[in-house]
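Here the structure is laid out as structure tokens; the discussion comes afterwards.
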Amino acid sequence: MDWVADFWIPLIKAVVVVLVLLLGGAYMTWGERKICARFQVRYGPNRAGPFGILQPLADAVKAIFKEEIVPNHVDKIIYVMAPGISFAAVLITFAVIPFGPEVDLFGQRVGLWVGDIEVGLLFLLAIAALGSYGIVLGGWSSNNKYSLLGALRAAAQMISYELILGISLLAVVLLAGSLNLREIVDFQGTWPLLVLQPLGFLIFLIAILAESNRSPFDLPETENELVSGFMTEYGGIKFALYFIAEYTAMVVNSAIVVTIFLGGWKWPALISDLHPLAGVGLFLAKVLFVLFLYVWIRASIPRVRFDKFMRFSWKFMLPLAFVNLLATAAVVAFL
Amino acid sequence: MDISRELRERFGPAIVAEQETRDGIPTLWVAQDRFRQVLAYLKSGTDRPYAMLYDLTAIDERARTQRKGQPAADFTVVYHLLSFTRNHDVRVKVALAGAYPVTASITDLWPAANWYEREVWDMFGITFEGHPHLARILMPSTWEGHPLRKEHPARGTEMGPFRLPVEKQEREEEALLFHPEEWGLERHGEDTDFVFLNLGPQHPGTHGLLRIVLQLDGEVILDAVPDIGYHHRGAEKMAERQTWHTFIPYTDRIDYLGGVLNNLPYVLAVETLAGIEVPDRVKVIRVMMAELFRIASHLVWYGTFAQDVGQLTPVFLMFTDRERLFDIVEAITGGRMHPSWFRIGGVAQDLPRGWDGLVRDFLDYLPPRLKEYDKLVMGNPIFKARTQGIGAYTLEEAVEWGVTGPGLRACGLEWDFRKKRPYSGYEGFEFEVPTAQRGDCYDRAVVRVEEMRQSLRIIEQCLDNMPAGQYKADHPLTTPPRKERTMHDIETLIAHFLGVSWGPVIPAGEAFFGIEASKGNTGYYLISDGGIHAYRARIRAPSFPHIQMVPEISRGLMVPDLIAILGSVDFVLADVDR
Amino acid sequence: MLSDYNFIGIFVVVALIFPFIALGLAYLLRPKKPNPVKTETYECGLETIGETWVRFRAQYYIYALVFVVFDIEAAFLFPWAVAYDQVGLWALAEAFLFLGILTVGLVYAWRKGALRWQ
């Protein structure tokens, strides 16, 4: 066994990726507060460090030192585990996402991805779905009525978006001819799939918003209906885990959108002969753009009612996704 | 035909007496055994009926000295009815004898009487036979005594120090537990168990200390039981201890978003009692301030309503606008949210130099903002999906439940006190009364948004036609008198001294004055026994009946809809509980 | 390629360790002073009425059943989509047939009122 190539490099990669994701999630909280504030004629955090740049650190310290209250009557094991499940599921999702081409680093040929597997897309869908288990379990185990309502909504939400998420991706698979995400990115060498699949992109974007529990689909949480939904009984570090999981999920989901529809690290239309690390920068820039979309949407529109969302996704989005898939199949077959 | 003659002809001796009041509302004393027939006749027997139970309250008569021409009574129950077709009110009084009298309930005539009768029971200890659930409503169920009775202490120092040992705390908590059986609610359905959920008092969606116990099947609301009183401060009791003048700041805190809109009905009622006629300048200043506060109140509602359906940004924009408006209020009055600026017979000071520029700027500033909010909020398809068809009631239901203000106009009835019974010179202004047809959450919003534009129109007319003249009436009961004169003539100085140290003495009598406030009709029913404070001050607050109606319009909907309904009703808990 | 699964395995282990580190660190550093009032269930400041874990109605449970069926059927489509290039027109016809059956299923569920709240 080649220890360097088979153990140390992947380990270093894993640690670096996890740390970057955590940092990204943490700074997403800051970024959202800052950008939202600009939408709302406010300053946002501006006390901890210049531009409030140390705010996430201060929040983390607070969360760690805060007394944790485990209420009576909770199902203790599940109650403690649930935020961890959400958190881990989000991180693991990123394992198959390539964020750059192969590069030479410190004399080693390193692919800028964690694992390059054939069924990457399926892996992605499977692990991403686990995140809502953390929410459902957390809400249920809290033995609190608000949490329970939040958990039930999370379950309802999952069965609303999961299917259209898969079907909108089928058209992509069909075009790229692969479930491997690196190959899907390679397929977008000239044009991002957004151009070929505008409808699929929109459907996917709505589904992924719901997957991230983000406005307008932040139904399991809905502070002004369910107090704090599934998180009502959580405080201290457990709350922070849920919180950072949500924001890291935004980062990861943005990366997914970028990889599948926006061409990953590839430059649009043939400007491909750049330094590979510039590709990483491009990937990041695209991710930031999608993240901005998340915040923009949150700052702008109201929340849907969850039964209406369910009806909308089953009676409108699902047929639409089917039509998109068949149309794509027909076009591919006849061209 | 005149209603009191009509009733006399029909009921003969059952009409015991007719009382003179300062407000000119026919006030009939009806025998206790016949009053239900009289009320039923007024509600549906007579042509152009008195369809709305506008207010129901009681008076503890035992300490009253000036009751000339009124039948003997220890307690009086007062029914205040309103006819939209006649644009006329009638007051029916029923004299009760005994320390803890018993009378008949009228909940079968008006469902809205339910809470009013509970309040009277809570405050006076008058029992209503036939009431479905005569429980305390504003006071905690553990309270001893009935606060508005004259023998009940009016201040903490008369009651001994307050202590909260653990046992008492536990007892109070125990008393707050909700027992579904008491309210006739099932715990189990056919194949599911119902969940009973406390929504509030500590809940971000209830806009204050309101508790609504929900009976949920899944997330569908089967029934809702509001529990109010967490914001009860006993304003009506305080009025019996404060002088007529020093009670003004308390009124600001009834609908705490309405500012001087609360001062207005109070000072108008006192002026009616005292017979003060105010100069034109006072009227126009009052109208301008009232309309500014209507906008301020509606802006808060607009932002929080959008927030209630999940839109984060509008509330910040609208509060920013409101801050600008408060800058004007601050320049004129020195206060912001609660300026307590109206006085008996006038306003506190004349307008400062440069006020017109500030108001003009605001008139230019707000309309484009409102236009933008139309796109941001009212035009948003998700917002529409969340509010259209939700929490709708018909005009009949609205009248039945005592709904006034924008909630009533959203059902298609063009009823605005500023138009129908102009006060404070509203007859001289040009404005429209916006209405909508469907009576749902969205339509209530439509009405309020348009009202802001109409308020701007009124303010512009105030600005263009501000009359010259005095800012206080030249009347001995004007309190305090004009400062410039106190320094020069002895009568005014004496009046000032008495008014401030002792308090103005308002002649004995009764007067009600209702105005179109931002939430609905706010009215003060004041009774003077010829003293320096009110013998009884009844605050007819619009939010009280509105909250009572919430269960009616939320059954069968879901929790998010309830939050949208609460937002659209636009209540203030301080206005509900007083 | 197989080693990539090992890489993912390593990544999964690292990802799982992090929540443990966070929970453990907080466990060591945080104050612990529970009292009966603190540990009560939160319900807007009042004691909760009755049980929380009851026979709760999930109005959407027929949706959930339909979902299970559809999700599995959608999973069948992934191999088809990957191999689409190699099988060509015949695959299109098959897909139409398969999706046609799916659609009939959806329409049936819809008509039967499964996609409605009860």
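Values quoted throughout were computed directly from the atomic coordinates according to the rules given, and no laboratory measurement underlies them. Note that the structure is predicted; figures quoted are calculated from it, not measured. Ideal geometry is used to build each Cβ from the backbone, glycine not excepted, and the neighbour counts take in all protein chains shown.
Just how far, in whole angstrom, is the range B:252-307 from the range A:66-142 if you go by their alpha carbon centroids?
Going from one Cα centre to the other spans 57 Å.
How large is ³J(HN,Hα), in whole Hz, for each residue of the range B:183-192 in order, when computed from phi with the Karplus curve 6.51 cos²θ - 1.76 cosθ + 1.60 and θ = phi - 60°, using x for Gly and Pro?
Each residue's phi maps through the Karplus curve to give 9, x, 9, 6, 8, 10, x, 4, 10, 9 Hz.
Once you keep just the Cα pairs under 8 angstrom separated by 6 or more residues, what percentage relative contact order results for chain B?
17 percent
Please list, ordered by chain and number, the residues whose modelled amide H lies under 5 Å from the amide H of B:Val213; skip anything fewer than 5 residues away on the same chain.
When sequence neighbours closer than 5 places are left aside, the close amide H contacts are B:Leu199, B:Val225, B:Asp227.
Quick one: what Rg and Dmax do you get for the range A:181-272 from the alpha carbons, in Å?
That works out to 17.0, 52 Å for Rg and Dmax.
Return the Rg/Rh value of the range B:276-364, two decimal places, where both radii are evaluated on C-alpha atoms and Rh is the Kirkwood radius.
A ratio of 1.05.
Just for the Cα atoms in the protein assembly as shown, what are the lengths along the principal axes, largest first, rounded to whole Å?
Its Cα atoms span 108, 66, 61 Å along the three principal axes.
Per the Debye formula with a single identical scatterer at each Cα and no solvent contribution, what log10 I(q)/I(0) holds for the range C:2-111 at q = 0.09, 0.17, 0.20 Å⁻¹?
Taking Cα atoms of the range C:2-111 as identical point scatterers yields -0.67, -0.99, -1.07.
Using the Cβ atoms and a cut-off under 11 Å, what net charge is assigned to the surroundings of A:Ser178, where Lys and Arg are +1 and Asp and Glu are -1?
-3
I want to verify a result. In a Gaussian network model of chain A, Cα cutoff 10 Å, which of these has the top mean-square fluctuation: A:Ala299, A:Ala245, A:Ala128?
Largest GNM mean-square fluctuation: A:Ala299.
Can you give the translational diffusion coefficient of the range B:429-578 in µm²/s, computed by Stokes-Einstein from the Kirkwood radius over Cα pairs at 20 °C and 1.002 mPa s?
The calculation lands on 110 µm²/s.
Straight-line reach from B:Lys375: which lysines have Cα under 20 Å away, leaving out those fewer than 8 places along the same chain?
B:Lys384
Sort the range B:55-162 into rounded, prolate or oblate with this rule: let a ≥ b ≥ c be the square roots of the eigenvalues of the Cα gyration tensor; rounded if a/c is under 1.5, and if a/c is not under 1.5, prolate when a/b is larger than b/c, oblate otherwise.
Oblate, since a/c reaches 1.5 and b/c is not below a/b.
On full extension of the chain, what length is gained from B:Arg86 through B:Met337, given 0.36 nm per residue of separation minus the C-alpha to C-alpha distance?
Stretched fully, the B:Arg86-B:Met337 segment lengthens by 86.7 nm.
For chain A, what is the relative contact order in percent, using Cα pairs closer than 8 Å and at least 6 residues apart in sequence?
24 percent
With θ set to phi - 60°, apply the Karplus curve 6.51 cos²θ - 1.76 cosθ + 1.60 along the range A:36-44 and write out the HN-Hα couplings as whole Hz, x wherever there is a Gly or Pro.
Taking θ as phi minus 60°, the curve returns 4, 4, 5, 5, 10, 6, 10, 9, x Hz for the range A:36-44.
Could you pull out every one of the aspartates and glutamates with an alpha carbon less than 14 Å from that of A:Lys238, ignoring same-chain neighbours closer than 8 positions?
Of all the aspartates and glutamates, those that pass the test against A:Lys238 - Cα under 14 Å, at least 8 places apart if same chain - are A:Asp59, A:Glu67, A:Glu68, A:Glu246.
I need the phi-derived Karplus couplings for the range C:18-30: 6.51 cos²θ - 1.76 cosθ + 1.60, θ = phi - 60°, integer Hz, Gly and Pro marked x.
3J(HN,Hα) across the range C:18-30, in whole Hz: 4, x, 5, 4, 4, 4, x, 4, 5, 4, 6, 9, 6.
Which whole number in µm²/s is D for chain B by Stokes-Einstein, with the Kirkwood Rh taken over Cα pairs at 4 °C and 1.567 mPa s?
This corresponds to a translational diffusion coefficient of 52 µm²/s.
At a threshold of 8 angstrom on Cα-Cα distance, excluding pairs fewer than six apart, so keeping six or more, what relative contact order does the range A:123-276 reach in percent?
32 percent
What does the charge count near A:Val251 come to, summing +1 for each Lys or Arg and -1 for each Asp or Glu among other residues with Cβ under 14 Å from its Cβ?
That sum, taken over residues with Cβ under 14 Å, equals -1.
If R0 is 56 Å, what FRET efficiency do you get for C:Val54 and A:Thr190 from their C-beta distance, rounded to 0.05?
0.45
Please give, to one decimal in nm, the separation of the simple spin-label points placed at C:Leu28 and B:Glu144, each 7 Å out from Cα toward the Cβ.
With each label placed 7 Å out from Cα toward Cβ, I get 5.7 nm.
If you take the Cα Rg of the range B:418-486 and divide it by 2.2 N^0.38 Å, with N the number of residues, what do you get?
Compared with the compact-globule rule of thumb, the range B:418-486 sits at 1.61.
Kindly provide the helix-only [θ] at 222 nm of the protein assembly as shown, computed as the sum of -39,500 (n - 2.57) over DSSP H runs of four or more divided by all residues, to the nearest 500 deg cm²/dmol?
-16000 deg cm²/dmol
Take chain A, connect every pair of alpha-carbon atoms lying under 10 Å apart with a spring to form a Gaussian network, then pick out the residue of A:Gly44, A:Gly264, A:Gly134 with the largest mean-square fluctuation.
Its mean-square fluctuation being the largest, the pick is A:Gly44.
So how many Å³ per residue does the convex hull of the Cα atoms of the range A:3-334 work out to?
Convex hull of Cα atoms, per residue: 149 Å³.
Relative to the present Cα-Cα distance, how much length would full extension add between B:Glu9 and B:Thr65 at 0.36 nm per residue of separation?
Length difference between fully extended and current span is 17.0 nm.
Cα gyration tensor of the range B:349-455, axes a ≥ b ≥ c as square roots of the eigenvalues: rounded (a/c below 1.5), prolate (a/b > b/c) or oblate?
oblate
Among residues other than B:Gly425 whose Cβ falls under 9 Å from its Cβ, what is the net charge (Lys/Arg +1, Asp/Glu -1)?
0
What is the Cα radius of gyration of the range B:235-541 over 2.2 N^0.38 Å, N being its residue count?
Here the answer is 1.03, to two decimals.
Quick check for you: which residues of the range C:51-77 have the amide N under 20 Å from the point 7 Å beyond the Cα of B:Glu173 toward its beta carbon?
It comes to C:51-53, nothing else.
Students often forget the sequence filter, so: which lysines lie under 21 Å Cα-Cα from B:Lys283 once same-chain residues fewer than 8 apart are removed?
B:Lys419, B:Lys420, B:Lys472, B:Lys483
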